[in-house]
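Take a look at the structure below.
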Amino acid sequence: MKKNFLTAFIILILASLTLSSCSRNQKFLRYDVSNFVSYMETPPEYTLGDVLPRQGDFLPLSKKEMKNLNKLTTKDENYIWLKIQFFIPEELKNKEIGLYIGYIRGADILWINNTSVRQYGEFPPRASSAGFTAQYFMFTPSMIKQDSLNTILIKVWPDAFSSIASKIFLSEKPDIFFSAERMTFLNSKITMAFAGVMMVIFFMYLFLYFVMKKAENKNVYLFFALINLYTVHFLLPFFFSEVSWAKPIWLSYNTVIKVFFYGGAFVTGYFANSFVMTYLRKKDSKPIVIIRLALLFIPMFIAFSLNSTKKLNSYIPILIVFDSLQFAITIPRLIISFIKKDTRANVLGLLTGFSPVLVGVVIDLILKGGNLSPNLPFFTIYGWQFTLYIFLATLLLRFGNMYKHNSELNTKLSEFNTHLEEVVAMRTKELSEANFVLSKGLETVAHVQKNFLPVKNKTFRGWELSISYNALDNNVSGDLYDYYFTDGILDGLGIFDVSGHGIPAGLMTILAKSIISQHFITGKTQAEPLSNVLEDINKSYIKEKVNVENYITGLLFRFSEFNKKDVCSVEFANAGHPYPLLYSATENKVIELKQDEEKQYGILGVEGLEVSFPPINFRAAQDDIIVCFTDGLTDCKNRHGNDFTKERIIKLLQQYHNESAIMIMNRIMDKLEDFKGNEKFGDDVTLIVLKRVNSKDYIEEI
């Protein structure tokens, strides 16, 4: 056990050194604005226009008040507006800067000088907290008043545990990104990683429990498995913002707090005590069992009956009291077992195992309670994780000792020596096959692309979709298409064109597809405008592609459900891609969907390039048709050097608009083949035809 604890301690030190080594070589000016924060309480319906005339009503926000914004509200449903005013320092003038806020528990949206920048979380009625994600807001130089007073206004819905970090500063873009990523990792992402590991441990020890069903002390494996499971329940609110896309619409954020935070805390405390008693080979009497169950269910029932954020926030001391009462029953029996020599070793093992979480509790009490460093993560969570690892190693050692047989090991060694030549031959064959696969690089990438792209022809409720996808280099394409749907309902559609050809462009489409899908789903869940979604895709793609010199153009569509008149609202944004076409059945004409050229500019994947992707909204009724394509289609040349052009597509669309989506697609591609004759394609060609049909006639595909 001492060895296991030493190993865990070394891992903790190495992790700390690793994190501390990720410091930046470049120094940035950080302009602290923490002392410039003021607040005002308003009804939830207040908008920016209602608040601007009342700026004189804002009150200073102290560091102590930042720890609990709920105490500033007189009504549970009211919101808090925060105001920060500052003059830009000389060192930051005319630079791309941002505001770093360690966190704001709840949902919030920020304006600077009356310009909306970004929103975190969701406001009621679909309330969802931004959680422990570090918040940052980037400002372009045009947003900042370089020589006069700047005003930041933040509308905040305070959740059950609402607070704001006391460390708020302005700095340049690299410093803001670095600080936010580090804080999100320490507070949220690493907790999610812990939860993933604990789920693996849960299934592992649940398996051991069933395997060891005849063992005398098998319940120790069951209780350890349940500790891990309900610790994951308890930790969910700490990384909820990372998985909020998975939250069902009917599940409110208050329910998440009650079920997972409070429910997970009470049940984890109960099974932690059960594990201790089973580890010591002790059994509870019936009166003790009844008392412990009462200490579990009574406070949990009370917590589940609370329906306001303030009440949930004020219930934390009750949680601590009842969990402490659980341990108050266990600790005396732990002391008795320590006094006895024959059980002292088990007690020391338990204390060693629980020492990391006890140290974490002490550190948090000092740092958080004393308000010495409130922006640091909860070390109790890290300590609990190391405690679980220690007991994981201990229980695995117990299990291993029970099933270790030297005779089996000797048999395996003998068999290995006997069949060594067979193993070498097999490995040689595998290496040969691997070399063959590597020599088929183009074929491999083409196969991967073929498998990760969705089917080309599909029907959804109210839509027919048909796609033509033609690669220039041996079936490896730099074009990318994707669509997103839920239960037969089309949610969105994208078409993108990665610069270049062959394997490099093909590989980058694989990276781009993952990034685009992730941000589309997140944007849909958080109801972000598509312009913001494309901007987030741009940032992620620049970050993930590292030093690869390429860029992407593309279109991203999002579709609403159909109204009673069978009409669907469509929102799309353009990142430097050829304009899509819309055939309007009502007007019997083809419209080129263009943004204002002064407002729409930029492409994806170019670091330092200022971009703007304003969305366009229109309504799609029955028999309307949307056609989008890559420039390989319109720029395709015939033997005379003439381009195919979009005018030919418009003419074909007007001529064959009564046909199905797949027939329209075939008409256009047949015309393209006739046009180019024996000439080769000069670029990848992708064509998408999306036609509105009667949504009531939809039959789900099998």
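Among the chymotrypsin sites (Phe, Trp or Tyr not before Pro) found in the stretch 95-187, not one is both in a DSSP coil and sparsely packed, with 15 or fewer other Cβ atoms within 10 Å of its Cβ.
Multiplying the residue separation of LEU293 and ALA621 by 0.36 nm and removing their Cα-Cα distance gives an extension gain of 112.2 nm.
Measure nothing fancy, just the Cα-based angle from helix 173-184's long axis to the longest principal axis of the chain, in degrees from 0 to 90, nearest 10. The answer is roughly 40 degrees.
Find the all-direction average of the projected area of the Cα convex hull for the chain, expressing the result in square nanometres with one decimal place. So the Cα hull casts an average projection of 40.4 nm². Within the stretch 597-639, the ratio Rg/Rh, alpha carbon atoms throughout and Rh by Kirkwood, equals 1.10. With a 1.4 Å probe and all protein chains left in place, how much of the accessible area of the stretch 80-161 comes from carbon and sulfur atoms, in whole percent? Heavy-atom surface of the stretch 80-161 belonging to carbon and sulfur, 1.4 Å probe: 50 percent.
Among ASN217, PRO158, PHE185, whose Cα sits farthest toward the positive end of the charge dipole of the stretch 135-229 (+1 at Cβ of Lys/Arg, -1 at Cβ of Asp/Glu, about the Cα centre)? The residue sitting most towards the positive pole is ASN217.
For the stretch 502-510, putting each phi into the Karplus relation 6.51 cos²θ - 1.76 cosθ + 1.60 with θ = phi - 60° gives couplings of x, 4, x, 5, x, 5, 5, 5, 5 Hz, in residue order, rounded to whole numbers and with x for Gly and Pro. With no solvent and one point per C-alpha, what does the Debye sum give as log10 I(q)/I(0) for the stretch 230-270 at q = 0.17, 0.26, 0.34 Å⁻¹? Normalising to I(0) and taking log10 leaves -0.41, -0.85, -1.15.
Using a probe radius of 1.4 angstrom, the carbon and sulfur fraction of the accessible surface of the stretch 628-702 is 44%. The modelled label-to-label distance for the pair LEU397/THR255, using points 7 Å beyond Cα in the direction of Cβ, is 4.5 nm.
Within the stretch 275-370, the proportion of C-alpha pairs whose separation exceeds 23 Å stands at 43%. For the stretch 611-622, backbone phi angles converted through the Karplus equation (6.51, -1.76, 1.60; θ = phi - 60°) give residue-by-residue couplings of 10, 8, 10, x, x, 10, 10, 8, 10, 10, 9, 4 Hz, Gly and Pro being listed as x. For the chain, the longest principal axis of the alpha carbon atoms and the long axis of helix 341-364 meet at an angle near 50°.
Can you compute the FRET efficiency between ARG281 and ILE318 using 1/(1 + (r/R0)^6), with r the Cβ-Cβ distance and R0 = 30 Å? Round to the nearest 0.05. With R0 = 30 Å, the Cβ-Cβ based efficiency is 0.40. For the stretch 517-632, the solvent-accessible area works out to 47 Å² per residue, with a probe of 1.4 Å and every protein chain left in place. Taking the empirical scaling 2.2 N^0.38 Å for compact globular proteins as reference, the stretch 637-702 has a Cα radius of gyration ratio of 1.38. Give the calculated FRET efficiency between LEU48 and LYS340 to the nearest 0.05, with a Förster radius of 60 Å applied to their Cβ-Cβ distance. The value I calculate is 0.30. Summary of the geometry: the stretch 624-694 and the stretch 262-303, compared by the centres of their Cα atoms, lie 68 Å apart. In a reduced charge model with +1 at each Lys and Arg Cβ and -1 at each Asp and Glu Cβ, the stretch 77-159 shows a dipole moment near 80 debye about its Cα centre. At q = 0.14, 0.22 Å⁻¹ the log10 of I(q)/I(0) for the stretch 36-90 amounts to -0.40, -0.88, computed by Debye summation with a single uniform scatterer per C-alpha, solvent ignored. Annotation: amide H-H contacts under 5 Å for ILE591 (H modelled 1.01 Å from N, sequence separation of 5 or more, or interchain): LEU582, TYR583, SER584. Identify, among PRO174, ILE335, ILE390, the residue whose Cα sits farthest towards the positive end of the charge dipole of the chain, taking +1 on the Cβ of Lys and Arg and -1 on the Cβ of Asp and Glu, with the dipole about the Cα centre. So the residue we want is ILE335. The angle between the Cα long axis of helix 406-418 and the longest principal axis of the Cα atoms of the chain comes to about 40 degrees, rounded to the nearest 10. Amide hydrogen proximity for PHE132: with H placed 1.01 Å from N in the peptide plane, the residues at 5 or more positions away or on another chain lying under 5 Å are PHE240, SER241. Here the chain is treated with +1 on each Lys and Arg Cβ and -1 on each Asp and Glu Cβ, and its dipole about the Cα centre works out to around 3580 debye. Here the average projected area of the convex hull drawn through the C-alpha atoms of the stretch 101-237 stands at 10.9 nm². For the chain, give the share of DSSP beta bridges that are antiparallel, in percent and rounded to the nearest 5; count only bridges with both residues there. Antiparallel bridges make up about 100 percent of those DSSP assigns within the chain.
In the stretch 162-297, the convex hull through the Cα atoms has an average projected area of 11.7 nm², a quarter of its surface area. Put HIS640, HIS657, HIS577, HIS501 in order of accessible area, highest first, and with a 1.4 Å probe you get HIS640, HIS501, HIS657, HIS577. Note on THR645 and ASN678: their simple-model spin labels are 2.6 nm apart, each label 7 Å out from Cα toward Cβ.
The values are calculated or read from the model by the stated rules, or taken from the named source; none is laboratory data. Note that this is a predicted model, so its numbers are computed, not measured. Neighbour counts run over all protein chains shown; Cβ positions are idealised from the backbone, glycine included. Only protein heavy atoms, including side chains, enter the accessible area calculation; ligands, DNA and RNA are left aside. Shrake-Rupley method; radii C 1.70, N 1.55, O 1.52, S 1.80 Å.
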